[in-house]
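Enquirer: One structure follows; several queries about it will come next.
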Amino acid sequence: MKRLMSGNAALGEAAILSGCTAYFGYPITPQNELTEHMAKRMGESGGVFIQSESEIAAINMVLGASAAGVRAMTSSSGPGMSLKQEGISYLVADELPAVIVDMARGGPGMGNISPSQSDYFQATRGGGHGDYKTIVLAPATVQELTEIVPLAFELADTYRNPVLILGDGMLGQMMEPVDFDALKRPPDVRKDYILDGARGRPARSIYSLIFDAKLQEEHNWKLQRKFQLIEQNEVRYETYLTDDAEMVVVAYGMGARIAKGAIKRLRNEGQKVGLVRPITLWPFPMKLLQDLSATVNDFFVFEMSAGQMVEDVLLALEGKGNVHFYGRPGGVIPMPVELYRIVSRHYYQAQAARGGN
Amino acid sequence: MARDSAGGATATKTVYKRPSLLKPAHFHYCPGCGHGIINRLLMEVIEEMGLAESAICVAPAGCGMLLYNYFEIDVIESAHGRGSAVATGIKRVLPQNLVFSYQGDGDLAAIGTAEGFHAANRGENITVIFVNNGVYGMTGGQMAPTTLLDQVTTTSPAGRCSNLAGHPVRICEVFAVLDGTAYLERVAVNKPSGVTKTKKAIRKAFQRQLDGAGFSLVEILSPCPTAWKMGTMEACAWVDDVMKKVFPLGVIKDTGGDCAAPAAPGAGAAEAADSEEG
């Protein structure tokens, strides 16, 4: 059955259906509908809800709840995400699962509450202190959230690592029809590390302090081996009209929806432009772009930022293609027609450079 | 060891033994430090109350950070100052377990004041063991929020001056005005009578938690001869002569243990978990 819901509320509902029984949040726009939904639904479903005193407290409550063995989640945006980075670093170091929702807004500083993609670096480069990564999932529709959220909890449990769901104010606050019928609760995994009292087993401890540099290094290599495994197994993306494409737009989340609108116009005029939409921003679909570079010369990166994912595209292509870029930072949302004009210009310039007509 | 001369045979009378929950490890604490006593008392109380299979400890950043090396119970490390938030997350999920955080004065009274204050205000059914030695010990003896006026530390070389660095923070008195707090007591481990009182206070705080009374905290004045640059005996005397004047000992607040209907957060979750099992 389809229901009309905001992305934030749908995300909360999907989390509960995925077996999340502990949510900790602090008000910040544009993710408040999620906190509000959890306040109501956790009470009804017997789960734990706390409106914490800060984002720092919330992420540490998540750490505690996760250590106690349950599926735990928090959510925030911009300034609040900066505050959560300390806790995320500890979650990774402790190898504790958690799902963290980031409905990004314009920055830096207080910025604004408009949709933005300027926190890509913070999300995909670890974000806090230390050598680490979090899995970053970037849905583009409210319906896709119902697939992303159970996946996020499953990946978090499987790899014992925090998973970030990176959306923006538009995805969080827009209402779309959503159907939860196909949502499957991820299977419970055996957690032999949790702290629930040393009953019938030796006492356990969870900590990240490793004074001995060699042992700390080994712990780091262990984490890195896990990240390599994630890179091998968990890359997800969508391709759209790439088979005959002469130019491929790379965009994610709401940016990809704007790009799709632009590409439909371009296709109507016979311009062979396709789309790659990374669904996992980390691990990034490196190999896909490398493979495409065998037949495609020009890649056009579009972001609602001054240019962050474009660095991953450059890294992926290793110089084997021209990289074009268009971005609007600060919470500005370009219309598809604006992007269409710019991609079209680059498309014809690239064609001319190749000696086409 | 006491010899039983009457019977001629040799018998022993145990006057002190290592609690079974205290691992046979060497403490990393400096000579004369109060942490070792507090660690031992905690394990004694948990053993005596039969809570070894229930207790979960949240260890801090600071001198108490290696508790998992000493405690034969579940222990999780917390980031600096976040112990009360981590304990909150655990306790809400496992309301039947004994959950306590172990926090120093920099941890609770400076960087983690918000987390401690709001856990207290929500009446989280947890216990905070608050070790107050008036300095940042682990990092080399810098000024803490609890450092006394005129006290010399590495970051108050001319003595703490209230104009520039404010006043010593009395956490128990601050938390006492919050309706969520059930039991707050300040004790000291600088002499045998104080150690006995500290043990009683810890036991009482844990009992309040078992009763579902809400937030409990035991503030323990603890000598730090190394950072205070004193001999061990001198440090113990200084707690009596100087520190206690600013941090008076005693029960600061006790709402009583008779809690007919535990109102602490998480009680609902426990019922939900029970009915799910049933």
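Every number here is computed from the coordinates shown, using simple stated rules; none is lab data. Keep in mind that what you see is a predicted model, and the values were worked out from it rather than measured. Methodologically, a virtual Cβ is constructed for each residue, glycine included, from the backbone with ideal geometry; neighbour enumeration extends over all protein chains shown.
Enquirer: For chain A, which longest stretch is free of loop sites, where a loop site is one of the GluC sites (Glu not before Pro) that DSSP puts outside H, G, I, E and B and that has at most 15 other Cβ atoms within 10 Å?
Expert: Working: sites that count: A:Glu269, A:Glu318.
The answer is A:1-268.
Enquirer: Can you compute log10 of I(q)/I(0) for segment A:91-175 with the Debye formula, treating each Cα as one identical point scatterer, at q = 0.11, 0.13, 0.21, 0.22 Å⁻¹?
Expert: -0.30, -0.42, -0.99, -1.05
Enquirer: Under the classification rounded if a/c is under 1.5, otherwise prolate if a/b is larger than b/c and oblate if not, where does segment A:238-353 fall, given a ≥ b ≥ c as square roots of the Cα gyration tensor eigenvalues? Provide the component values of the computation, followed by the final result.
Expert: Values: a/c = 1.43, a/b = 1.03, b/c = 1.38.
Rounded.
Enquirer: Given R₀ = 25 Å, what would the calculated FRET efficiency be for B:Lys244 paired with A:Ser82, taking r from the Cβ atoms and rounding to 0.05?
Expert: Details: r = 42 Å, r/R0 = 1.66.
FRET efficiency, B:Lys244 to A:Ser82: 0.05.
Enquirer: In terms of the ratio Rg/(2.2 N^0.38 Å) built on C-alpha atoms, what value belongs to segment A:24-144?
Expert: 1.02
Enquirer: Rounded if a/c is under 1.5, else prolate if a/b beats b/c, else oblate: with a ≥ b ≥ c from the C-alpha gyration tensor eigenvalues square-rooted, which is segment A:75-139?
Expert: prolate
Enquirer: When DSSP assigns beta bridges and you keep just the ones with both residues in chain B, what percent turn out antiparallel, to the nearest 5? Let's see the in-between values first.
Expert: On the way: 8 of 33 bridges.
Of the beta bridges lying entirely in chain B, close to 25 percent run antiparallel.
Enquirer: Moving to a separate point now. Is segment B:1-154 rounded, prolate or oblate when judged by the Cα gyration tensor, a ≥ b ≥ c being the square roots of its eigenvalues, rounded requiring a/c under 1.5 and prolate requiring a/b larger than b/c?
Expert: Details: a/c = 2.72, a/b = 1.47, b/c = 1.86.
Note, shape of segment B:1-154 comes out oblate.
Enquirer: Something else now. Can you compute the equivalent ellipsoid semi-axes for chain B, i.e. the square root of 5 times each eigenvalue of the Cα gyration tensor, sorted largest first and rounded to whole Å?
Expert: Details: eigenvalues 170, 151, 55 Å².
Semi-axes (√(5λ), whole Å): 29, 27, 17.
Enquirer: Using the Kyte-Doolittle scale, find the helices of chain B whose mean hydropathy is at least 1.0 and whose Cα atoms extend 24 Å or more along the helix's long axis, counting only whole DSSP H runs.
Expert: Numbers: long enough: B:192-210 (27 Å, -0.89).
What comes out of the filter, once short or polar helices are dropped, is none.
Enquirer: Using a Debye calculation, one point per C-alpha and no hydration shell, please list log10 I(q)/I(0) for segment B:80-221 at q = 0.12, 0.17, 0.19 Å⁻¹ in order.
Expert: Debye curve over Cα of segment B:80-221, log10 I(q)/I(0) at q = 0.12, 0.17, 0.19 Å⁻¹: -0.48, -0.90, -1.07.
Enquirer: So if I take the centroid of the Cα atoms in segment B:124-141 and the same for segment B:204-257, what is the distance between those two points in Å?
Expert: 10
Enquirer: Running a GNM on chain B with Cα contacts under 10 Å, which residue among B:Glu219, B:Glu72, B:Glu53 ends up with the highest mean-square fluctuation?
Expert: B:Glu53
Enquirer: Let's test this: bin the Cα-Cα distances of segment A:2-233 at 10 Å from zero up to the farthest pair and state each bin's percent.
Expert: That works out to 8, 34, 37, 16, 4, 0, in percent per bin.
Enquirer: Turning to a different aspect of this structure: To test your reading of the geometry: what angle, between 0 and 90 degrees and rounded to tens, separates the Cα axis of helix A:78-94 from the longest principal axis of chain A?
Expert: Approximately 60 degrees, to the nearest 10.
Enquirer: Here's another thing I want to ask about it. For A:Trp282, list long-range residues whose amide hydrogen, built 1.01 Å from N in the peptide plane, is under 5 Å from its own amide hydrogen.
Expert: Close amide H contacts, sequence-distant or interchain: A:Val136.
Enquirer: Determine the sum of side-chain charges near B:Asn190: Lys and Arg each +1, Asp and Glu each -1, restricted to other residues whose C-beta is under 13 angstrom from that of B:Asn190. Each step should come with its number before you reach the end.
Expert: On the way: positive: B:Arg186, B:Lys191, B:Lys197, B:Lys244; negative: B:Glu234, B:Asp240, B:Asp241.
Net of charged neighbours comes to +1.
Enquirer: Please give the per residue volume of the convex hull enclosing the alpha carbon atoms of segment A:131-194, rounded to a whole number of Å³. Present the calculation step by step, with values, prior to reporting the outcome.
Expert: Values: hull volume 6.3 nm³, N = 64.
Considering the Cα atoms of segment A:131-194, their hull volume per residue is 98 Å³.
Enquirer: A further question follows. Please list log₁₀ I(q)/I(0) at q = 0.07, 0.08, 0.12 Å⁻¹ for the protein assembly as shown, using the Debye equation with identical point scatterers on the alpha-carbon positions.
Expert: These q points yield log10 I(q)/I(0) values of -0.51, -0.64, -1.16.
Enquirer: Segment A:1-87: percent of C-alpha pairs farther apart than 14 Å?
Expert: On the way: 2233 of 3741 pairs.
Within segment A:1-87, distances greater than 14 Å cover 60 percent of Cα pairs.
Enquirer: Which residues' amide hydrogens lie under 5 Å from the amide hydrogen of A:Val249, considering only partners 5 or more residues apart or on another chain, with H built in the peptide plane?
Expert: Under 5 Å from the amide H of A:Val249 lie the amide H atoms of A:Gly274, A:Leu275, A:Val276, A:Phe300, each far enough along the sequence or on another chain.
Enquirer: What list of ³J(HN,Hα) values in whole Hz, one per residue of segment A:190-203 in order, does the Karplus curve 6.51 cos²θ - 1.76 cosθ + 1.60 (θ = phi - 60°) give from phi, with Gly and Pro shown as x?
Expert: 6, 10, 8, 10, 6, 9, 9, x, 7, 9, x, 7, x, 5
Enquirer: Distance from the Cα centre of segment B:68-103 to that of segment A:84-151, in angstrom?
Expert: So the separation of the two Cα centres works out to 26 Å.
Enquirer: If each residue of separation counts as 0.36 nm, what is the full-extension length gain between A:Ser45 and A:Glu269 once their alpha-carbon separation is subtracted?
Expert: On the way: separation 224, 0.36 × 224 = 80.64 nm, distance 5.23 nm.
Full extension of this stretch gives 75.4 nm more.
Enquirer: Using amide H atoms built 1.01 Å from N in the peptide plane, name the residues 5+ places from B:Leu221, or on other chains, whose amide H lies under 5 Å from its own.
Expert: Under 5 Å from the amide H of B:Leu221: B:Asn132, B:Val187, B:Ala188, B:Val189.
Enquirer: In sequence order, what are the phi-derived ³J(HN,Hα) couplings for segment A:295-312 according to the Karplus relation 6.51 cos²θ - 1.76 cosθ + 1.60 with θ = phi - 60°, rounded to whole Hz, with x for glycine and proline?
Expert: Values, residue by residue: 10, 10, 8, 10, 10, 10, 8, 10, 9, 8, 7, 7, x, 10, 4, 4, 5, 5 Hz.
Enquirer: Then there is this: GNM on chain A, C-alpha springs below 10 Å: top fluctuator among A:Leu292, A:Leu183, A:Leu215?
Expert: Maximum among the listed residues: A:Leu215.
Enquirer: Separate question: Between beta-carbons, use under 15 Å as the cut-off and find the net charge around B:Pro168, counting Lys and Arg +1, Asp and Glu -1.
Expert: Numbers: positive: B:Arg160, B:Arg170, B:Arg186, B:Lys244, B:Lys245; negative: B:Asp105, B:Asp150, B:Glu173, B:Glu219.
Residues close to B:Pro168 contribute a combined charge of +1.
Enquirer: If you don't mind, another one. Among DSSP beta bridges lying fully in segment A:2-233, give the percent that are antiparallel, nearest 5.
Expert: Values: 6 of 29 bridges.
Bridges in segment A:2-233 that DSSP calls antiparallel: roughly 20 percent.
Enquirer: Relative contact order of segment B:1-115, please, whole-number percent, based on alpha carbon pairs below 8 angstrom and at least 6 residues apart. Write out the running numbers ahead of the final one.
Expert: On the way: 168 pairs, mean separation 26.4, N = 115.
Taking the mean separation of contacting Cα pairs over the length of segment B:1-115, I get 23 percent.
Enquirer: Further, regarding this structure: May I ask you to evaluate 6.51 cos²θ - 1.76 cosθ + 1.60, the Karplus curve with θ = phi - 60°, for each residue of segment A:222-230 and list the ³J(HN,Hα) values in order in whole Hz, giving x for glycine and proline?
Expert: 4, 4, 5, 4, 5, 5, 4, 4, 5
Enquirer: With a sphere of radius 11 Å drawn around the Cβ of A:Ala198, what net charge do the other residues whose Cβ falls strictly inside it have (Lys, Arg +1; Asp, Glu -1)? If you can, show how the numbers build up before the last one.
Expert: Numbers: positive: A:Arg199, A:Arg201, A:Arg204; negative: A:Asp196, B:Glu53, B:Glu72, B:Asp74.
So the environment of A:Ala198 carries a net charge of -1.
Enquirer: At a threshold of 8 angstrom on Cα-Cα distance, excluding pairs fewer than six apart, so keeping six or more, what relative contact order does chain B reach in percent?
Expert: Working: 561 pairs, mean separation 49.3, N = 278.
Reported as a whole number, the value is 18 percent.
Enquirer: Right, another one. Looking at the protein assembly as shown, send over the antiparallel percent of its DSSP beta bridges, to the nearest 5. Kindly include the intermediate steps, with their values, before the conclusion.
Expert: Numbers: 20 of 84 bridges.
In the protein assembly as shown, DSSP labels about 25 percent of beta bridges as antiparallel.
Enquirer: Note down the relative contact order for segment B:112-201 as a percent, whole number, built from C-alpha pairs under 8 angstrom at least six residues apart. Write down the numbers at each step before the final one.
Expert: Values: 92 pairs, mean separation 20.2, N = 90.
It comes to 22 percent, rounded to a whole number.
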